[in-house]
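To start, the structure itself, in structure tokens.
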Amino acid sequence: MKKYMHKKVVLAFGAVCMFCVCSVLHAQNNSGAIPPQSQVTGDIYGQVNVIGDVDGDGVKDVIFGATDGKVHIFSSASGNEIIRPPYWPKQTGGPILADVQVTSFNGGIDIIAASQDGKVYCLDSLGKEKWVLDTRSKIPISGAELADIEGNGKLEVLIGAESGKVFRIDGSGNPIWEVSTTAAVSGRIAARDLDGDGKKEIVFKSNDGKVTVLNNTGTKRQGWPASVAGNREWPFDVDAGDIDSDGVKEVFTTTPSGNFIIWNEKGKMVKNFTISSGSHSAPVLADIDNTGTDEFVIAQYDGKITICDFAGRPKAGWPYDAGDHSIYAAPTIIDVDGDGKLDVVFTATDPSSSGERAGYVMALDSNGKPLKDFPKYVGRTVAKPTFADLDGDGKLEMIVAGGIGYTGKQLHIIPTEAKTRFRMISIYQETVYK
């Protein structure tokens, strides 16, 4: 029987986990050494990001937020936390349960962290506050999303709040607009150009199940919102993509009962099919078998990974069943073993288990078969893995957050055969402390 991890349990873990062990597993870095074990307070629920070479050792470093309310930077080469009082680690006013974003608004590094104190923090590479925006919310608030909404090359921040508001914030921390919704917004907000006019619409689902599309000006798009079942304790995210190749994107989401619903950009339902359970992360569009046609890759909370066409028909060999483990984050589609074919990489967790086997990272080929040497057990884990070439050898390392609730090491950096042709945005700045 599947175990459903409620967000209330998540916060309880953060309260009791005072000192969790963190280990960085790296096969060979530039020094040829395996980094020692380190410690970090709190658990990691958001995705680990890459910040560049902060300590000047020639290897890019990693950054993340934790339930201790701090933003942490760890050296990928040594496995040690980079500590630069009074700024690193950076203390906020509440637990950090979402991804910490690394970007550049106007040159240099900008670090965006959404804390459960209801505030959005923008930090520079030294950990100093550049600006702080108060959403006037209690917990929870969604993770901050970065988007070029106007199509002019300028990134902005989108964030939802428990107060029932969605904020659009410029790179200097000034609210461009805030829009009231019908309920709290704790899920991811997607910025997508639905109609191909170069400006992005804002797509999100409030906790009461209202799927809303806003114009770039913050006004509600005609035909929206659409109503589906509410979110429960964890969100069921929404996204958009062009599923019929007509140049206009459709909006899609799942529900707790397993309905997969697709609307056109005007808010008219065009598909509604059933899967075994909903997906907390929005389904991913990908041409997994290189046929020229995208399919949905769905990571379901009942532990199944499904690849299906736009009518809900599963691809041969799918779904894959993770057994007693549930899946919370979106899968990554990448050639992880270097054989020229795309694979599906995801994390899975069993909230009722203890020890390293309470969670793992799995890689499946396009036919739903586990790759050699997978799964890799990391303890309880809910975040999406990150892929980056940390040591400049042309191959990507896989960075996985695990060990939630004393179930194992917390931070794992695992070598892969994936090549750097994998497309990703990486902000790099060398910051050497003397």
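The values are calculated or read from the model by the stated rules, or taken from the named source; none is laboratory data. Model, not experiment: these values are computed from the prediction. Here Cβ is always computed from backbone atoms with ideal geometry, including for glycine, and neighbour counts include all displayed protein chains. Heads up: the accessible areas ignore ligands, DNA and RNA and are worked out on the full protein's heavy atoms, side chains in. Shrake-Rupley method; radii C 1.70, N 1.55, O 1.52, S 1.80 Å.
Amide hydrogen proximity for Ile109: with H placed 1.01 Å from N in the peptide plane, the residues at 5 or more positions away or on another chain lying under 5 Å are Ser125.
In terms of its alpha-carbon gyration tensor, the stretch 254-406 comes out oblate; a/c meets the 1.5 threshold, while b/c is at least as large as a/b. Going by accessible surface with a 1.4 Å probe and the largest first, Asp373, Asp337, Asp239 read Asp373, Asp337, Asp239. A run of the chain free of exposed loop cleavage sites, with GluC sites (Glu not before Pro) counted only in DSSP states other than H, G, I, E and B and at most 13 other beta carbons within 10 Å, reaches its longest extent at 151-429. Extension gain, Arg84 to Lys419, is 117.3 nm, computed as 0.36 nm per intervening residue step minus the present C-alpha separation. The solvent-accessible area of Arg357, taken with every protein chain present and a 1.4 Å probe, is close to 150 Å². Longest stretch of the chain clear of exposed loop sites (chymotrypsin sites (Phe, Trp or Tyr not before Pro), DSSP loop, at most 13 other Cβ atoms within 10 Å, sites excluded): 20-427. Couplings 3J(HN,Hα) for the stretch 66-76, derived from phi with the Karplus relation 6.51 cos²θ - 1.76 cosθ + 1.60 (θ = phi - 60°), are 9, 6, 7, x, 10, 9, 10, 10, 10, 6, 5 Hz, where x marks Gly and Pro.
Backbone phi angles across the stretch 359-369, fed through the Karplus curve with coefficients 6.51, -1.76 and 1.60 (θ = phi - 60°), yield HN-Hα couplings of x, 8, 10, 10, 10, 10, 7, 5, 9, x, 9 Hz in residue order; Gly and Pro are listed as x. With contacts taken as Cα pairs under 8 Å at a separation of at least 6 residues, the chain carries a relative contact order of 13 percent.
Taking square-rooted eigenvalues a ≥ b ≥ c of the alpha carbon gyration tensor, is the stretch 148-232 rounded, prolate or oblate, where a/c under 1.5 means rounded and, failing that, a/b exceeding b/c means prolate? Note, shape of the stretch 148-232 comes out oblate. Taken over the stretch 102-193, lysine pairs spaced eight or more positions apart, or on distinct chains, with alpha carbons under 16 Å apart number 5.
With each label modelled as a point 7 angstrom along the Cα→C-beta vector, the Leu126-Asn106 pair spans 1.7 nm. FRET efficiency for the Lys372 to Ala229 pair, using the beta carbon distance and R₀ = 35 Å, is estimated at 0.30.
Ligands, DNA and RNA are left out, and with a 1.4 angstrom probe the accessible area of the chain is 38 Å² per residue. Taking amide H as placed 1.01 Å from N in the peptide plane, Ile176 has its amide H under 5 Å from the amide H of Arg168, Ile169, Asp170, each at least 5 places away in sequence or on another chain.
The modelled label-to-label distance between Lys266 and Asp134, using points 7 Å beyond Cα along the C-beta direction, is 4.5 nm.
For the chain, a crude dipole built from +1 on the beta carbon of Lys and Arg and -1 on the beta carbon of Asp and Glu, taken about the Cα centre, is about 1180 debye to the nearest 20.
Using alpha carbon centroids, what distance separates the stretch 123-156 and the stretch 247-323, in Å? Each part's Cα centre sits 30 Å from the other's.
In sequence order, the stretch 324-333 has phi-based couplings of 7, 8, 9, 10, 10, 9, 5, x, 9, 9 Hz under the Karplus curve 6.51 cos²θ - 1.76 cosθ + 1.60, θ = phi - 60°, and Gly or Pro positions carry x. In the stretch 276-429, Cα pairs under 8 Å separated by at least six residues give a relative contact order of 16 percent.
Subtracting the Cα-Cα distance of Lys154 and Ala183 from their residue separation scaled by 0.36 nm leaves 7.5 nm. Solvent-accessible area assigned to carbon and sulfur over the chain amounts to 49 percent, based on a 1.4 Å probe.
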